[in-house]
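Here's the structure we're looking at; comments come further down.
The values are calculated or read from the model by the stated rules, or taken from the named source; none is laboratory data. Computed from a predicted structure; not experimentally measured. Positions of Cβ are backbone-derived with ideal geometry, glycine not excepted, and every protein chain shown enters the neighbour counts. For the accessible areas, the whole protein counts, side chains as well, though only heavy atoms, and no ligand, DNA or RNA atoms are used. Shrake-Rupley method; radii C 1.70, N 1.55, O 1.52, S 1.80 Å.
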Amino acid sequence: MDASSLQTLISTIRDVPDFPQPGILFKDITPVLANATFLQQAIDGMVEISGLTKVDKVVGIDARGFIFGALMAQRLNAGFVPVRKKGKLPWKTRGIDYALEYGTNHVEIHEDAIAPGETVLLADDLLATGGTAAAALHLIQGLGGKVLGSVFFVELAFLNGRDRLSDTGPIHSLITY
Ligand code: AMP
């Protein structure tokens, strides 16, 4: 992606102070999603930095990761697998508890969503402390998925989230703060 398109994407992300809790500066990516050109550029950019042309499954994290992940899966001719919050998946699940930037969480995956040996790319909107992504990667590996990497639209580098993902393949972010 060229520098001026990237700069436009960055300036389209809306900073919302004190959401959902005091002290959190929330990066609102919905203005990017709402613009046809910016959405396409975001997905093109994320596919490009993944360095992949083929993968079996893209895993997206509840909820904004579904948007980026599903669109990336379509570009990569891959299936899409959701990692969801507790109690949302109807079939047999594997789950994990973890801490995040604000509060704690529990995520789940369908136990038949990834076959042993399938290649997997993880996608989410934003890498903060890395707790969510680390949990999702743990679930993927627990099913025998071969993680080829993780792609984020935004990374808050000052939270050092990528340190928690150091054993699970390359980490790529389109925009870094
Ligand atoms: P973490 O587990 O700390 O890496 O948090 C990542 C998840 O929480 C991502 O799925 C984001 O959607 C969300 N998140 C955490 N912090 C922020 C933030 N400052 N702005 C927007 N989303 C955030």
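A compact table of results
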| read-out | value |
| --- | --- |
| In segment 72-109, residue farthest from the ligand (Cβ to nearest atom) [restricted to those that are aromatic (F, W, Y) and at pLDDT 95 or above] | W91 |
| Subset of segment 58-114 [among the aliphatic types (A, V, I, L, M) and open to solvent by 30 Å² or more (accessible area, probe 1.4 Å)] | A63, I67, A70, L71, I96, A99, L100 |
| Residue count for segment 135-177, restricted to those that are more than 24 Å from D15 (Cα to Cα) and either out of contact with any helix residue (DSSP H, G or I) (no Cβ under 7 Å at 6 or more places or on another chain) or surrounded by fewer than 16 Cβ atoms within 10 Å (Cβ to Cβ) (or both) | 17 |
| Matching residues, segment 130-154, being more than 29 Å from P31 (Cα to Cα) and free of Cβ contacts under 8 Å to residues at least 60 places away in the same chain | H138, L139, Q141, G142, L143, G144, K146, V147 |
| Test: residue in segment 74-81 that is closer than 26 Å to F38 by Cα, part of a strand (DSSP E or B) and in contact (Cβ under 8 Å) with a residue 24 or more places away in the chain | yes |
| Residues within segment 141-168 that are of a type in the set (G, A, S) and within 10 Å of the ligand (Cβ to nearest atom), tallied | 1 |
| Of the criteria (1) within 13 Å of the ligand (Cβ to nearest atom); (2) in contact (Cβ under 8 Å) with a residue 60 or more places away in the chain; (3) surrounded by 12 or more Cβ atoms within 10 Å (Cβ to Cβ), which one F19 fails | (2) |
| Selected residue (criterion: surrounded by the most Cβ atoms within 10 Å (Cβ to Cβ)) from residues of segment 115-134 that are within 8 Å of the ligand (Cβ to nearest atom) and not in a strand (DSSP E or B) | A133 |
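One line per residue, one yes/no per condition, for (1) outside any helix (DSSP H, G or I); (2) at pLDDT 95 or above; (3) within 16 Å of the chain's Cα centre (by Cα):
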| residue | (1), (2), (3) |
| --- | --- |
| I10 | no, yes, no |
| D15 | yes, yes, no |
| P20 | yes, no, no |
| Q40 | no, yes, no |
| G45 | no, yes, yes |
| I49 | no, yes, yes |
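A quick yes/no check of all residues on (1) closer than 22 Å to F26 by Cβ; (2) out of contact with any strand residue (DSSP E or B) (no Cβ under 7 Å at 6 or more places or on another chain); (3) among the aliphatic types (A, V, I, L, M):
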| residue | (1), (2), (3) |
| --- | --- |
| R84 | yes, no, no |
| G87 | no, yes, no |
| L100 | yes, yes, yes |
| N105 | yes, no, no |
| E108 | no, no, no |
| D112 | no, yes, no |
| T119 | no, no, no |
| D124 | yes, no, no |
| A128 | yes, yes, yes |
